[in-house]
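Right, one structure below, let's go through it.
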């Protein structure tokens, strides 16, 4: 891979995966990249569950497809489930900034790094924010009090399905003073 900016430009949401299995060491590298993400007060309010066993992958996929959504996940060979842990902020920060949701922000950083690492490793990803949380918790034996924040589809992309990335022009989103 070339520069960081080339990596960012290459990352996209993949909705068409090949049947090739994702190697465990690549899933570990993706989670390692997430583990190293910035975190308020170094609280690291996340945990990750990598799913690549065929039967469990099928179950996760079904939890993402209710309401007729995310049918493409049937062909996804692996998932990484991101759960939120309690943010352990320093007391003076937690008390003065109680409206700021640092755990969600930190999980966003970790997810971005995970997806960029996957891209660097030749994998495609798609971040899913809608799922049947109760069924997913039951399937994966996740404690009731934990909250699942995201499910990340991970696999080798079907290259012929790629679309050009469309983004707003910088003048539409930024002000320079």
Looking at (1) crowded, with 16+ Cβ neighbours inside 10 Å; (2) at pLDDT 95 or above, can you tell me which one residue 102 breaks? (2)
Test residue 134 against the stated conditions and say whether it is over 29 Å from residue 41 (Cα atoms), more than 11 Å from the chain's Cα centre (by Cα) and at pLDDT 95 or above. yes
Considering only residues of the stretch 144-176 that are loosely packed, with under 10 Cβ neighbours inside 10 Å and touching a helix residue (DSSP H, G or I) at 6+ places or on another chain (Cβ under 9 Å), which is nearest to residue 24 (Cα to Cα)? 144
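Based on what the data block shows, is residue 49 under 17 Å from residue 125 (Cβ atoms), outside any helix (DSSP H, G or I) and in contact (Cβ under 8 Å) with a residue 12 or more places away in the chain?
When the stated conditions are applied, residue 49 passes them.
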Checking residue 59 against (1) at pLDDT below 95; (2) surrounded by 14 or more Cβ atoms within 10 Å (Cβ to Cβ); (3) within 18 Å of residue 133 (Cβ to Cβ), only one condition comes out false. Which one? (1)
Determine, yes or no, whether residue 145 is touching a strand residue (DSSP E or B) at 6+ places or on another chain (Cβ under 9 Å) and either within 26 Å of residue 103 (Cα to Cα) or at pLDDT below 95 (or both). no
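Among the candidates 95, 85, single out the residue that is over 30 Å from residue 6 (Cβ atoms), surrounded by fewer than 17 Cβ atoms within 10 Å (Cβ to Cβ), at pLDDT below 90 and touching a strand residue (DSSP E or B) at 6+ places or on another chain (Cβ under 8 Å).
None of the others qualify; the one that does is 85.
The values are calculated or read from the model by the stated rules, or taken from the named source; none is laboratory data. Just so you know, these numbers come straight off a predicted model, no measurement behind them. For neighbour counting, all protein chains shown are included, and Cβ atoms are generated from backbone atoms with ideal geometry for every residue, glycine included.
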